[in-house]
Each structure stands twice: as C-alpha cells, then as structure tokens.
C-alpha cells in the first residue's frame, strides 16, 4: 500500500468511527503532513481520493470538512418517488411543503403543459431532505382539471405521483433537461450552501398514458452532494 493510500485509509477510518464527525473541519494539509511525516503532495493526493468518494469537501473560509458520500440520483432516470429512492440507498427522506395552492398558469407553465393562458394549475413547492440535510428544492405544476381531488392530499407525507395515480391519471413517462448553475442568495439559503456553489437544475415534463403533459417541475439539487447516472445508447 502506498503512503497516500495508507493516509486515506486512516482518515477514512477516523471519519467512520466519529473521530472526525460530519461537518467538522479536518486538520490542514500542513498539519496532516506533520502528523503522518510525509510531504504535502502525498497528503493532497489522499484528500483528493476522499473528496472524490464524497467523504470530504473543501469549503471557502472553512477548510476541508467531513461530508457524507453523494446521494446517487439514478432514480431521476425512472418514474420513482423521492422517498422510495432515498430509502433504497439507506437515506432517511423528509419533505417540507412550502407552498400548495391553485393559481393561474404562467406563460412558461402553460406552454410546458400545453394549456391555455390563465388555466388553473396546482403549484406545489417542496424542500426535500436526505438524512435531515436539504437536498433538493422542487416546484411542481399540475393542471387542476384532471386532478380535482389533489387538494385533499398531504404532500409532506404523500408522493405526488402516488396521489396523481390515485386520482386516476398516473404518470407513465417523463422527459428531463439538466443544467448546471450557480447558487444565488435564495437557493443558497434554502439548500444550505454558499452563494456561487454549483447546483444541478432539472426541468421535467411528465405525461400520462395518452402522452398528455400532466406535470411540469423545476428541481434544484445540491451539486456537491448528488451524483447522477445516465445510460445512453448508440443511435
């Protein structure tokens, strides 16, 4: 085992046994080089490996802190609930509904859902957590017409897609577009990151069995704590 691998394993052991708990700043490169009796580049290599694995993150003004490995968001390529996906990978999900009401569709929403301007839609805004850490901020818009009973659901505890299915119009397909953006002051506060940190933005249009758009959502994920897996095929 090389020196940097030995250091990586020792630091990982200390992270897992709580010597360096989540959120704590670990010693600096200079301090670690002195502790292990090696050069700074050797320490830097070990820290890089732990950062790539999701156990460490370099923060401005704070140094290098202990984090949890990134949340695998493979479920974004399937029709699956956030709750089920989080439990599948051993994370505890939680949802906080910030807004749920009916309103007139904006031009953007009307276009996405192929509705007439001014049509009524439900607006559902949620902040979703993985292990009590804010993970994704999502705004969803659903046409009121096909889902008259949607207002009776508590979306702090109920999956939107499960409720839509119960109303008789399940989602069967979705098309998603991914963008990389930087956190502004509002998103930084919501997702507990620093302004300018990377975020991942998904625009989704979900459709029913007839191919009619029944949900338009904009989901903003923390860039440093999420990973996404895509499968592509040669055309």
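The values are calculated or read from the model by the stated rules, or taken from the named source; none is laboratory data. Note that the structure is a prediction, hence the values are computed from the model and not measured. All Cβ positions, glycine included, derive from the backbone under ideal geometry; neighbour counts span all protein chains shown.
If only residues of segment 82-124 that are at pLDDT 90 or above and assigned to a helix (DSSP H, G or I) are counted, the one that is nearest to residue 175 (Cα to Cα) is 112.
Rundown of residues vs (1) farther than 17 Å from residue 59 by Cβ; (2) assigned to a helix (DSSP H, G or I); (3) modelled with pLDDT under 90; (4) in contact with a strand residue (DSSP E or B) (Cβ under 8 Å, 6 or more places away or on another chain), yes/no style:
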position	(1), (2), (3), (4)
18	yes, no, yes, no
22	no, no, yes, yes
27	no, no, no, no
35	yes, yes, no, no
43	yes, yes, no, no
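Of the set (1) more than 18 Å from residue 109 (Cα to Cα); (2) surrounded by fewer than 18 Cβ atoms within 10 Å (Cβ to Cβ); (3) modelled with pLDDT of 90 or more, all apply to residue 199 but (2).
Tell me, please, whether a residue that is over 24 Å from the mean Cα position of the chain (by Cα) and either outside any loop (DSSP other than H, G, I, E, B) or modelled with pLDDT under 90 (or both) can be found in segment 70-81. Within segment 70-81 (the criterion being over 24 Å from the mean Cα position of the chain (by Cα) and either outside any loop (DSSP other than H, G, I, E, B) or modelled with pLDDT under 90 (or both)), the answer is no, since none of the residues qualifies. Just one of the listed residues (165, 169) is under 15 Å from residue 143 (Cα atoms) and assigned to a helix (DSSP H, G or I), and it is 165.
Residues that are buried (at least 18 other Cβ atoms within 10 Å of the Cβ) and within 24 Å of residue 22 (Cβ to Cβ) within segment 95-125 comprise just one, 95.
If you check every pair at least six apart or on different chains, which have Cβ atoms under 7 Å apart with a residue in segment 1-30 that is assigned by TED's automatic domain parsing to the domain that holds residue 43 and at negative phi first and a residue that is exposed (fewer than 12 other Cβ atoms within 10 Å of the Cβ) and not in a helix (DSSP H, G or I) second? Between residues of segment 1-30 that are assigned by TED's automatic domain parsing to the domain that holds residue 43 and at negative phi and residues that are exposed (fewer than 12 other Cβ atoms within 10 Å of the Cβ) and not in a helix (DSSP H, G or I), the close pairs are 25/62. Regarding segment 176-199, can at least one residue be identified that is touching a strand residue (DSSP E or B) at 6+ places or on another chain (Cβ under 8 Å), part of a strand (DSSP E or B) and in contact (Cβ under 8 Å) with a residue 60 or more places away in the chain? Yes, there is a match, as at least one residue in segment 176-199 is touching a strand residue (DSSP E or B) at 6+ places or on another chain (Cβ under 8 Å), part of a strand (DSSP E or B) and in contact (Cβ under 8 Å) with a residue 60 or more places away in the chain. Scoring residue 150 on the criteria (1) within 18 Å of the chain's Cα centre (by Cα); (2) surrounded by 15 or more Cβ atoms within 10 Å (Cβ to Cβ) leaves a single failure, condition (1). Checked against (1) in a helix (DSSP H, G or I); (2) touching a helix residue (DSSP H, G or I) at 6+ places or on another chain (Cβ under 9 Å); (3) at pLDDT 95 or above, residue 127 passes all but condition (1). The set of residues in segment 111-145 that are within 16 Å of residue 206 (Cα to Cα), free of Cβ contacts under 8 Å to residues at least 24 places away in the same chain and touching a strand residue (DSSP E or B) at 6+ places or on another chain (Cβ under 8 Å) contains only 121.
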